[in-house]
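Working notes, structure below.
The values are calculated or read from the model by the stated rules, or taken from the named source; none is laboratory data. In this text, all values refer to a predicted model and were calculated from it rather than measured experimentally. Note that each Cβ is placed from the backbone with ideal geometry, even for glycine, and that neighbours are counted across all protein chains shown.
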Amino acid sequence: MQKDKPKALIVGTGLGGLSAAIRLLKEGYRVEMVEKYKQAGGRLNQIKKDGFSFDMAPTFFSMSYEFHDFIKECGIEPNIKFQELDPLYSVYFSHLKEPRIIYKNIEKLAEQFKDTEPLFSEKVHRYLDSAGQFYHDTEQLVIKKNFPNKLAYLLALTKVPMKHSPKLIRSFWDELSRYFVSEEVKQIFSLVAFFLGATPYNTPAVYTLLNYTELIHDGYWNIEGGMYKLVEELLKILAKEGVEIHYNTEIIGSESKGKQITGLIDKNGKRWDADLYVINSDAASFRGKILGRKLFSEKKLDKMKWTLAPLNIYLGIEGKLDDIYHHNYFLGNNFKEYASKIFLNQIGLEKPYYYVNVPTRHNPEMAPPGCESLFILVPVPDLRYKPDWTDKHVIVESIIKDLSERIGVDLKPRIKVQTILTPLDWERTFNLYKGSGLGLAHDLNQIGAFRPKNYDEKFRNLFYVGASTTPGTGLPMTLISSKLLIERIKEKNGFIHKKRV
């Protein structure tokens with residue numbers, strides 16, 4: 001009976017690929033998956049070393065209701081527990097002795113800024129109300145929708161209330177400046193722009209909705225046992241359904257006939273056959289590298305806007321760090337200069353801006369007793385602007401020194417485990433284009449119908465899912481992407497095979 005079902009081959013096992021696999025199973029497909037890396041998860045992965053565990057990239061998420069909706073829609077019961085974060089994070093400024101603590105409770109948050117932002121409560125309520133209205137006015141109309149073409153997308157935008165139109169032309173920073181005078185407040189609220197791999201000066205004001213989602217709408221969450229627990233639970237569900245996943249398998253070519261892909265070829269020359277093909281790797285570079293599309297050639301891709309690349313440092317530390325929160329940002333005193341120059345590698349990385357996660361704050365089992373796991377993320381230029389990383393150890397040493405000084409603990413003699421991933425590693429391991437951490441940037445001309453489509457321009461049985469296609473980057477967005485994928489398959493094929501009861 002299984003062989004009577006159509007077969008779907010999914011390339012890549014990130015959250016987009018895993019969620020697409022579960023949705024396709026529900027729709028009656030046999031599913032097989034191939035993965036370049038040694039284990040599933042894509043960027044939602046895990047590093048283990050000498051008793052220490054680290055979330056490889058995502059360390060928290062917002063829009064938890066998208067996870068609950070996915071679980072309900074697919075009728076699955078993963079053994080996962082969501083942990084709400086409050087405070088959300090702390091922000092260390094170089095000129096302050098103590099960090100600013102960012103609480104969801106607005107009155108507690110207002111206490112943090114009583115010395116820098118007069119009438120903070122009144123201002124932040126107006127700001128978040130505006131951001132919230134934009135979110136709810138666009139969520140179903142634009143974010144969670146497929147579009148047949150760019151014209152349909154532009155027509156949908158005309159249905160967005162006119163009061164929001166200034167957000168389309170203002171920058172994130174300009175929008176903040178309409179409400180707040182404190183540089184500290186503006187810098188803190190603009191940190192969500194870095195979640196998009198960009199800066200508040202080149203991110204559209206529409207993304208102020210992220211401040212609404214973090215403070216009002218849903219907050220931030222992680223998963224008990226570490227973020228990789230989600231991947232492990234989805235893998236259990238897929239294994240129970242008989243889904244085979246082939247690791248250390250990189251697709252490097254394709255075969256086709258007319259408007260159909262007839263097979264994908266891996267680096268060892270093996271041919272992978274299916275009725276339906278779903279790509280969970282970068283939708284732009286796959287079209288260029290594997291399909292040879294001129295519109296997605298390296299020359300063309302290099303002219304597009306990409307997100308910042310990650311320099312990641314994973315440290316296993318002897319001893320506890322009780323005074324540091326789970327999520328922390330460390331900022332310098334040249335925010336605008338740094339943000340404007342970091343993309344093009346025009347400023348040194350000796351004193352960078354960076355993020356520090358302490359996963360053992362919520363999940364102490366991620367380190368041996370009496371120890372801490374630390375994850376440090378430094379946004380850096382992609383490989384177009386900084387191809388040489390032979391200086392990585394010098395940069396990492398300076399970051400560890402800076403962090404030690406900021407928290408008042410000499411970390412270097414306490415380091416028991418250290419792993420470094422540069423943009424080169426991310427490119428080689430996960431085929432991230434030029435090491436860009438989150439793929440194509442979310443400029444207005446690279447979102448919605450202007451983002452690489454989730455269906456192929458030529459082949460009727462080839463589709464795309466994940467952060468590199470619609471609706472965009474982020475864990476909840478990839479879950480939405482897998483739902484839009486199913487809708488797109490139905491639209492393009494006129495039907496989708498249903499599971500027989």
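Overview of values
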read-out: Total residues in segment 88-106, condition under 21 Å from the mean Cα position of the chain (by Cα) and not in a strand (DSSP E or B); value: 1
read-out: Residue in segment 141-154 that is part of a helix (DSSP H, G or I), over 25 Å from the mean Cα position of the chain (by Cα) and under 17 Å from Pro471 (Cβ atoms) present; value: yes
read-out: Flag if Ser90 is touching a residue at least 24 places away in the same chain (Cβ under 8 Å) and either under 17 Å from Leu479 (Cβ atoms) or polar (S, T, N, Q) (or both); value: yes
read-out: Only listed residue being among the hydrophobic types (A, V, I, L, M, F, W, C), more than 30 Å from Tyr153 (Cβ to Cβ), at pLDDT 95 or above and under 17 Å from the mean Cα position of the chain (by Cα), chosen from Leu479, Leu421, Leu411; value: Leu421
read-out: Selection status of Glu122, outside any loop (DSSP other than H, G, I, E, B), free of Cβ contacts under 8 Å to residues at least 12 places away in the same chain and surrounded by fewer than 14 Cβ atoms within 10 Å (Cβ to Cβ); value: yes
read-out: Test for Pro379: is it over 21 Å from Lys49 (Cβ atoms) and either at pLDDT below 95 or under 27 Å from the mean Cα position of the chain (by Cα) (or both); value: yes
read-out: Subset of segment 70-87 that is assigned to a helix (DSSP H, G or I) and free of Cβ contacts under 8 Å to residues at least 24 places away in the same chain - its residue that is nearest to Leu403 (Cα to Cα); value: Ile71
read-out: Complete set of residues in segment 1-50 that are of a type in the set (Lys, Arg) and surrounded by 16 or more Cβ atoms within 10 Å (Cβ to Cβ); value: Lys5, Lys7, Arg23, Lys26, Arg30, Lys36, Arg43
read-out: Any chance Glu232 is of a type outside the set (Lys, Arg), in a helix (DSSP H, G or I), at pLDDT 90 or above and in the same structural domain as Val465 (by TED's automatic domain parsing); value: yes
read-out: Helices (runs of 4 or more DSSP H) lying entirely in segment 171-212 (those with 1 or more residues that are without any contact (Cβ under 8 Å) to a residue 60 or more places away in the chain and surrounded by fewer than 24 Cβ atoms within 10 Å (Cβ to Cβ)); value: 172-177, 183-189, 191-195
read-out: Matching residues, segment 225-259, being without any contact (Cβ under 8 Å) to a residue 12 or more places away in the chain and either more than 30 Å from Thr360 (Cα to Cα) or within 20 Å of the chain's Cα centre (by Cα) (or both); value: Glu232, Lys240, Lys257, Gly258
read-out: Any hit, segment 265-274, residues being in the same structural domain as Ala21 (by TED's automatic domain parsing), over 21 Å from Gly42 (Cβ atoms), touching a residue at least 60 places away in the same chain (Cβ under 8 Å) and not β-branched (Val, Ile, Thr); value: yes
read-out: Every residue from segment 358-412 that is among the small types (Gly, Ala, Ser) and either surrounded by 15 or more Cβ atoms within 10 Å (Cβ to Cβ) or part of a helix (DSSP H, G or I) (or both); value: Ala367, Ser373, Ser398, Ser404
read-out: Residue within segment 450-461 that is within 16 Å of the chain's Cα centre (by Cα), over 25 Å from Asp55 (Cα atoms) and not in a helix (DSSP H, G or I) present; value: yes
read-out: Residue tally, condition buried (at least 22 other Cβ atoms within 10 Å of the Cβ) and among the β-branched types (Val, Ile, Thr), over segment 283-310; value: 1
read-out: Scope segment 265-289; condition of a type in the set (A, V, I, L, M, F, W, C), farther than 12 Å from Met33 by Cβ and modelled with pLDDT of 95 or more; matching residues; value: Ile265, Leu276, Phe286
read-out: Condition check for Leu485: hydrophobic (A, V, I, L, M, F, W, C), surrounded by fewer than 24 Cβ atoms within 10 Å (Cβ to Cβ), outside any loop (DSSP other than H, G, I, E, B) and more than 15 Å from the chain's Cα centre (by Cα); value: no
